[in-house]
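A.B. asks: Structure provided below as structure tokens; questions to follow.
The values are calculated or read from the model by the stated rules, or taken from the named source; none is laboratory data. On a predicted model such as this, the values are computed, not experimentally measured, just so you know. Cβ sites come from the backbone with ideal geometry, for glycine too, and all protein chains shown count toward neighbours. Protein only, heavy atoms only, side chains kept; ligands, DNA and RNA dropped before computing areas. Shrake-Rupley method; radii C 1.70, N 1.55, O 1.52, S 1.80 Å.
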Amino acid sequence: MNDAGRHPCAIEAIDVRKYFDRGIVHALDGVALSVERGEFVAITGPSGSGKSTLLHLLAALDTPTSGTIRVDGEDLDRIKDLNRFRRTHIGLVFQLHNLLPHLDVAKNVQIPMFGTHRSHRERTERADVLLAEVDLEGKGRRLPTELSGGERQRVAIARALANDPSVVLADEPTGSLDSASVERVLGLFRRLRAETGMTLVMVTHDRDVARTADRIVEIRDGRVAADTSSSAA
């Protein structure tokens, strides 16, 4: 697990704005958010509220129109190689697992490790360890099409953890799963968080899923409308 423990916050968003269509559409309009290390935060809100836009900015997949975003104390706007930073600090999980269908499960997990110092043997061993952690031991040589939807999402989680990120960002990770798979994925997140101390930020439209987090941050019309503990919510 990457450790930048000198800085108390894993994520900071300060007066973040994101405009589209030459400033006509205000996807985010002055969002402020702080996430402590090891915290599990759920971001909720109706469709079009800006919650996924915010997650993409936190993941350095896009840049804000204005404002400041810091991950592990690093100002994303000042980082020259965002791809490298994202590869080593941030794990990403999406609703559609985005696995490459022509690669077996183990190779899909290894994808973030390419371009790192790890040798072929180290990548292979690391993938096997991660697959065991997500209860998919022995399935590394299967193709994604041979797995269930819940299993494919667990492969995506293993891939997100490939380089020991300090922050994991998940965009609707349970949105396309049946109820049994939802419970298994959420249980996996809880277990991995307890074991690794990772910071987890999850976008979800499902209030029951959101209640599994420490905090629920509600986004409406591009702004933070509420920020409460999940017990209070």
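A.B. asks: Which number in (1) over 17 Å from V41 (Cβ atoms); (2) in a loop (DSSP other than H, G, I, E, B) marks the one condition that T212 misses?
C.D. replies: Evaluating T212 over (1) over 17 Å from V41 (Cβ atoms); (2) in a loop (DSSP other than H, G, I, E, B) leaves (1) as the failure.
A.B. asks: Check I157, I219 and return the single one that is surrounded by 22 or more Cβ atoms within 10 Å (Cβ to Cβ) and touching a Lys or Arg at 6+ places or on another chain (Cβ under 9 Å).
C.D. replies: I219
A.B. asks: For the structure I just gave you, tell me whether A156 is part of a loop (DSSP other than H, G, I, E, B) and under 19 Å from T199 (Cα atoms).
C.D. replies: It is false that A156 is part of a loop (DSSP other than H, G, I, E, B) and under 19 Å from T199 (Cα atoms).
A.B. asks: When G138 is evaluated against the numbered criteria (1) at positive phi; (2) free of Cβ contacts under 8 Å to residues at least 60 places away in the same chain; (3) crowded, with 22+ Cβ neighbours inside 10 Å; (4) not β-branched (V, I, T), which criterion, by number, is the only one it fails?
C.D. replies: (3)
A.B. asks: Let me ask you something else. Could you please let me know if T196 is over 30 Å from G73 (Cβ atoms) and either aromatic (F, W, Y) or open to solvent by 10 Å² or more (accessible area, probe 1.4 Å) (or both)?
C.D. replies: When the stated conditions are applied, T196 does not pass them.
A.B. asks: Is it the case that K18 is touching a Leu at 6+ places or on another chain (Cβ under 7 Å) and farther than 27 Å from G150 by Cβ?
C.D. replies: Against the criterion (touching a Leu at 6+ places or on another chain (Cβ under 7 Å) and farther than 27 Å from G150 by Cβ), K18 qualifies.
A.B. asks: Next question. Here are some residues: D171, D178. Which one is surrounded by fewer than 20 Cβ atoms within 10 Å (Cβ to Cβ) and in contact with a helix residue (DSSP H, G or I) (Cβ under 9 Å, 6 or more places away or on another chain)?
C.D. replies: D178
A.B. asks: Let me ask something else. Say we look at region 21-41 and pick out the residues that are touching a residue at least 12 places away in the same chain (Cβ under 8 Å) and acidic (D, E); which of these is nearest to T68 (Cα to Cα)?
C.D. replies: In this case the residue turns out to be D29.
A.B. asks: So is S166 among the polar types (S, T, N, Q) and either open to solvent by less than 10 Å² (accessible area, probe 1.4 Å) or touching a Lys or Arg at 6+ places or on another chain (Cβ under 8 Å) (or both) or not?
C.D. replies: Criteria met by S166.
A.B. asks: Take the conditions open to solvent by 20 Å² or more (accessible area, probe 1.4 Å), within 28 Å of L188 (Cα to Cα) and of a type in the set (S, T, N, Q) and apply them to S47. Does it pass?
C.D. replies: Against the criterion (open to solvent by 20 Å² or more (accessible area, probe 1.4 Å), within 28 Å of L188 (Cα to Cα) and of a type in the set (S, T, N, Q)), S47 qualifies.
A.B. asks: While we're on this one: Write out, first by first residue and then by second, each pair whose Cβ atoms fall under 7 Å of each other, whose residues are 6+ apart or on separate chains, and whose first residue, in region 79-105, is open to solvent by 50 Å² or more (accessible area, probe 1.4 Å) while the second is part of a strand (DSSP E or B).
C.D. replies: Listed by first residue and then by second, the contacts come to F94/D171; Q95/D171.
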